[in-house]
């Protein structure tokens with residue numbers, strides 16, 4: 001009985017380190033966040049930065065980097081809130097609506 005208990009305990013001690021979930025390397029996550037940012041996948045950047053902060057809450061410098069990426073994604077989303085096609089339509093509307101109003105010839109506005 002003692003041998004069986006000792007064998008089971010030894011087996012559990014040997015197996016438990018193998019079952020421990022390995023944390024992803026944060027340098028890989030940072031690289032992935034940078035790649036997603038460059039690709040314009042801003043929602044993915046936000047998800048990855050939130051994950052990074054959740055996985056490594058004690059890494060203050062890492063959290064600062066993640067916050068920077070998140071803020072960059074927010075800023076890009078604000079600056080480019082319309083699609084390329086929507087921007088083209090808006091430009092055409094503005095140009096068609098104001099064409100010829102501020103043309104100056106010899107000091108007079110035509």
Which of the peptides 41-49, 81-89, 69-77 is most tightly packed, and how do the rest follow, going by the mean number of other Cβ atoms within 10 Å of each residue?
41-49, 69-77, 81-89
Using only the Cα atoms, work out Rg/Rh for the stretch 23-81, with Rh taken as the Kirkwood radius, to two decimals.
0.97
For residue 61 and residue 79, calculate 0.36 nm times their separation in residues minus their Cα-Cα distance, and state this gained length in nm to one decimal.
3.8 nm
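Every number in this text was worked out from the coordinates using simple rules, so none of it is lab data. As the structure is a prediction and not an experimental result, all values here were calculated from the model. Reconstructed Cβ throughout: ideal geometry from the backbone, glycine too, with neighbour counts over all protein chains shown.
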